[in-house]
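Inspection log for the structure reproduced underneath, given as structure tokens.
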Amino acid sequence: MEQKKGSDKSKQLGIEVSKDKDFSEWYSQVIARAELIDYYDISGCYILRPGSYAIWEQIQNFFNKEIKKLGVQNAYFPLFVSERALIAEKDHIEGFAPEVAWVTKAGNKTLKEPIAIRPTSETIMYPAYSKWIRSHRDLPLKLNQWANVVRWEFKNPTPFLRSREFLWQEGHTAFATLKEADVEVLQILDIYRRVYEELLAVPVVKGRKTENEKFPGALYTTTVEAFIPQSGRGVQGATSHCLGQNFAKMFDIQFENTKGEKEFVWQNSWGLTTRSIGVMIMTHGDDRGLMLPPRVAPLQAVIVPIFFKDKDNSALTQKATEIANALIDNGIRAHVDDRENYNPGFKYNHWELKGVPIRLDFGPKDLENNTIVLVRRDNKSKETVSLTDLSKRIAVVLDDIHNSLFERAKQAREEKVARITTWNEFIPSLDQKKCVLAAFCNKQKCEDDVKLKTSPVKKVETEKKVETTTEKKDANNNNKKEEEDFEPISGAAKSFCIPFDQPTLEEGTKCFCCGEAATVYCLWGRSY
């Protein structure tokens, strides 16, 4: 929950609620007290503090390295888009229209033409593509930008998961053939899977969106989908779209092929946002606070010298600093907590709350014995390690922590997947906070019926939502009306994706909803 501006409670150390008993309040306390988020006086907007931005930087570093292997270059395009450009692609903007924020004044003057703040950049970038692409020699064109996006939506705001401004990367590429575009769509999708699984230790399902859920204006959309067992809700992790030639025709992006003939390019777009940080927090955190996967943790190891009162601890501090520097030289992000005004117990709780993977306790006896005590955040196990072997041992333990977090999260997710065959099993499974794998006819009307049948009608959501009440506690009350306009997260079920890894579809299998012949298995559930 959001705290009042200046509230002492927001500065408390430690989590006061159980993750299993009050998930939304737990999440709100964790992100605030672990100093990942601070609240802002514009509803639905949040400050990313250094702890969370450092995680985003680790994601950036990994992703930049991988896309550059594919020949993608980084660029930057303006924040603003003209009304003329934005409405050029009707099908595309229709999906974003209610969320577009407009600039209508500059100082005291009303603008002749309103200027939109980008909800996405297709309509900003593609007019430039139409100028830059003339020949087959100009292809492929592969650009990515790291940027902020504004979507003035009116659904329940949740830091990281759903906010009016967020950070992302968006890739926009153009090819001479559909075959080339198809290849890249899956290459990028697998990099997204790796971000979640190899960096964030979060298992995801790769699949294709249904026609109802694909990106507006796309030929098709692929996705990686995560699931949060405690809330029973899915999260779209990242998407990779094949846009076909729709945008090329709209923005006249043509090239001359090897035969001297004019053709429209084939395009892709793909994006990953700071939502990934929220998914990671929800997946791994416990009642003590964050539990950060080592590969994105801003600090991987913290050394806590055990000071004795009324004694000279300078030798202990000096050696602890030497140990930290040696770890840093070996590529381990380390820090010495040499604060003398806090006792070791306070420091232990402090770093547990922040989710640091490894704590290293270093006392006078350790100084004498050239050892240190290694404590894992994930399972609380302790071991004494020789200082000569410390860097190697930490590297092994960090990998083991990552693998342990991933396997634990994977098991928790798999326990929440219900495979069903009939409608009578569907809603009970959702109410048990499960996602549902069901045989499906893959028809748009049937999907519409599922959403309609599961939509609450004039029903107040009984589940406590992250920030629903706290968004109304703004100290200045300047945004009260705006905050009241937020809608709760829908209780309706939706399709997450058609997984690439499909169970065998037996002959004669019927759609769980309409009873017609099933053509695929589809993953369903409630979502953020």
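Each reported figure results from applying straightforward, stated rules to the coordinates on display, with no laboratory input. Note that this is a predicted model, so its numbers are computed, not measured. With ideal geometry, Cβ positions are generated from the backbone for all residues, glycine too; neighbour counts draw on all protein chains shown.
If packing is taken as the mean number of other Cβ atoms within 10 Å per residue, what is the order of 255-266, 239-250, 204-215, 424-435, highest first? Present the calculation step by step, with values, prior to reporting the outcome.
Numbers: 255-266: 14.7, 239-250: 21.7, 204-215: 20.1, 424-435: 16.5.
Going from most to least packed, we get 239-250, 204-215, 424-435, 255-266.
Please state the shape class of segment 194-234: rounded when a/c is under 1.5, otherwise prolate if a/b exceeds b/c and oblate if not, all from the C-alpha gyration tensor. Can you show the working numbers first?
On the way: a/c = 3.47, a/b = 1.63, b/c = 2.13.
Here segment 194-234 falls in the oblate category.
For the pairs K209/K445; K209/K443; K410/K445; K19/K354; K214/K262, flag any whose C-alpha to C-alpha distance is greater than 22 Å.
Numbers: K209/K445 15 Å; K209/K443 12 Å; K410/K445 33 Å; K19/K354 16 Å; K214/K262 29 Å.
Listed pairs above 22 Å: K410/K445; K214/K262.
Per 10 Å bin, what is the whole-percent P(r) computed from every C-alpha pair distance within segment 8-284?
Answer for segment 8-284: a P(r) of 6, 26, 34, 22, 9, 2, 0, 0 percent.
So how far, in whole Å, is the C-alpha centre of segment 44-83 from the one of segment 394-447?
The distance from the Cα centre of segment 44-83 to that of segment 394-447 comes to 29 Å.
Can you tell me, using C-alpha contacts under 8 Å and at least 6 residues apart, the relative contact order of segment 8-284 as a whole percent? Don't jump to the answer; show the numbers that get you there.
Numbers: 491 pairs, mean separation 50.8, N = 277.
Normalised by residue count, the contact order of segment 8-284 is 18 percent.
Each label point is 7 Å from the Cα along the Cα-to-Cβ direction; what then is the distance between the points at T509 and K68, in nm?
4.4
If one computes the Cα centroid of segment 170-196 and of segment 312-382, what distance in Å separates the two points?
43
Two decimals is fine: what's Rg over Rh for segment 151-263, C-alpha atoms, Kirkwood radius as Rh?
Checking Rg against Rh, the ratio lands at 1.04.
To two decimal places, what compactness ratio does the chain give when its Cα radius of gyration is scaled by 2.2 N^0.38 Å? Write out the running numbers ahead of the final one.
Numbers: Rg = 25.4 Å, N = 528, 2.2 N^0.38 = 23.8 Å.
Computed over Cα atoms of the chain, the ratio equals 1.07.
L111 to S404: extension gain in nm, 0.36 nm per residue of separation minus the Cα-Cα distance? If you can, show how the numbers build up before the last one.
Working: separation 293, 0.36 × 293 = 105.48 nm, distance 5.60 nm.
Length gained, L111 through S404: 99.9 nm.
Counting pairs of alpha carbon atoms under 8 Å apart in space and at least six apart in sequence, what relative contact order in percent does the chain give? Mind dumping the intermediate values first?
On the way: 1044 pairs, mean separation 89.2, N = 528.
Relative contact order of the chain: 17 percent.
Grab every C-alpha pair in segment 249-313, bin the distances at 10 angstrom width from 0 up to the longest one, and report whole percents.
Taking all Cα pairs of segment 249-313, the binned fractions are 14, 21, 14, 14, 16, 10, 5, 5, 1 percent.
Using 0.36 nm per residue, how much length does the chain from K392 to Y40 gain when fully extended, once their Cα-Cα distance is taken away? Let's see the in-between values first.
Values: separation 352, 0.36 × 352 = 126.72 nm, distance 4.28 nm.
So the chain would gain 122.4 nm between K392 and Y40.
How large is the Kirkwood hydrodynamic radius of segment 301-401, counting all unique pairs of alpha carbons, in Å?
Values: mean 1/r = 0.0737 Å⁻¹.
Result for segment 301-401 stands at 13.6 Å.
Please report the relative contact order for segment 301-401, taking Cα pairs under 8 Å with a sequence separation of at least 6, and give it as a percent rounded to a whole number.
On the way: 137 pairs, mean separation 29.2, N = 101.
After rounding, I find 29 percent.
Considering the Cα positions of segment 69-214, please state its Rg to one decimal place and its Dmax as a whole number of Å.
Values for segment 69-214 (Cα only, Rg and Dmax): 17.4, 52 Å.
Run the numbers for E340 and F308: contour at 0.36 nm per residue of separation, minus the present Cα-Cα distance, in nm. Present the calculation step by step, with values, prior to reporting the outcome.
On the way: separation 32, 0.36 × 32 = 11.52 nm, distance 0.99 nm.
Result for the pair: 10.5 nm of gain on full extension.
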